[in-house]
Amino acid sequence: MGKEKEVKTNVMRVLESKKIEYKGYTYDPEVAIAGDEVARVLNEDPRRVFKTLVTVSGKGIYYVFMVPVNKELNLKAAAKAVGEKSIEMIKSKELLPLTGYIHGGCSPIGMKKLFTTTIDSSAAEFDKIFFSGGKVGFQVEVKFEDLLKIIPVKTADIAE
């Protein structure tokens, strides 16, 4: 019997190339579709598990936001955090060509372009946080401070 090949996502390869310690998790995407279900399958506090959301301003500038899976993005607070009058969620069909990720597998690491990224300030309460490993069914656990070493991330109160 051969050894089963460990599946590595682009996110995991980026973390390894930057010598960032992480723990990878997989789950059955048929079982866990919503973010709070992902937290439950991982047996983790949903406040530590973050979803990655992509928005666009009226000027056509894209922004990435990360909020706990049990919360929603406050669009008004998010717009204020990035100095915009207003922002809106991008359409699902725009996600793949823009970021290289599909809905449910979007990660702040490894996007086609680097976008201004803001994470809810609650992330700073935790030593380690979870977010998408870049594919549906994959999550990574990373020290919050290590995420800041990979991509420029600012914190703001953006979740409700």
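The values are calculated or read from the model by the stated rules, or taken from the named source; none is laboratory data. Everything numeric here is computed off the predicted structure, so don't read it as measured data. Please note: Cβ atoms are built from the backbone with ideal geometry, for glycine as well, and neighbour counts cover all protein chains shown. Areas reflect the complete protein model, heavy atoms only, side chains present, ligands, DNA and RNA absent. Shrake-Rupley method; radii C 1.70, N 1.55, O 1.52, S 1.80 Å.
Ordered from highest to lowest accessible area with the whole protein assembly present and a 1.4 Å probe, TYR22, TYR27 read as TYR22, TYR27. Normalised Debye scattering of the chain at q = 0.12, 0.13, 0.16, 0.20 Å⁻¹ gives log10 I(q)/I(0) of -0.48, -0.57, -0.87, -1.39, counting only Cα atoms as equal scatterers and leaving out solvent. Element breakdown for segment 50-141 at a 1.4 angstrom probe: carbon and sulfur atoms account for 54% of the accessible area. Using the scaling law 2.2 N^0.38 Å as the reference, what is the normalised Cα Rg of segment 57-113? Here the Cα radius of gyration is 1.14 times the empirical estimate. Full extension of the chain segment joining LYS93 with THR116 gains 6.2 nm, where the gain is 0.36 nm per residue of separation less the Cα-Cα distance. Rounded, prolate or oblate: pick one for segment 15-68, where a ≥ b ≥ c are the square roots of the eigenvalues of its C-alpha gyration tensor, a/c under 1.5 means rounded, and failing that, prolate if a/b is larger than b/c, else oblate. Taking the square roots of the gyration eigenvalues as a ≥ b ≥ c, segment 15-68 is oblate. Of the trypsin sites (Lys or Arg not before Pro) found in segment 75-160, those in coil by DSSP whose Cβ has at most 16 other Cβ atoms within 10 Å are LYS85, LYS91, LYS112, LYS113. Note on surface exposure: ARG13, ARG48, ARG40 rank ARG40, ARG13, ARG48 by accessible area, highest first, 1.4 Å probe.
Count the net charge of all other residues whose Cβ sits under 12 Å from the Cβ of LEU98, scoring Lys and Arg as +1 and Asp and Glu as -1. Result for the neighbourhood of LEU98: +3. For the residue pairs LYS23/LYS149; LYS23/LYS135; LYS59/LYS91; LYS112/LYS143; LYS71/LYS149; LYS19/LYS51, the alpha carbons lie more than 19 Å apart in LYS112/LYS143; LYS71/LYS149; LYS19/LYS51.
Accessible-area rank, largest first, for ASP146, ASP36, ASP45: ASP36, ASP45, ASP146, with all protein chains present and a 1.4 angstrom probe. Surface calculation, 1.4 Å probe, protein heavy atoms: SER132 sits at approximately 10 Å² accessible. Using the Cα coordinates of segment 76-160, the gyration tensor eigenvalues translate into equivalent-ellipsoid semi-axes of 19, 19, 11 Å, sorted from longest to shortest. Here segment 23-101 is described by how far its Cα atoms reach on the three principal axes: 39, 26, 20 Å, from widest to narrowest. Straight-line reach from LYS128: taking Cα to Cα under 16 Å and skipping same-chain neighbours fewer than 8 places apart, the aspartates and glutamates in range are GLU21, GLU44, ASP45, ASP120, GLU141, GLU145, ASP146.
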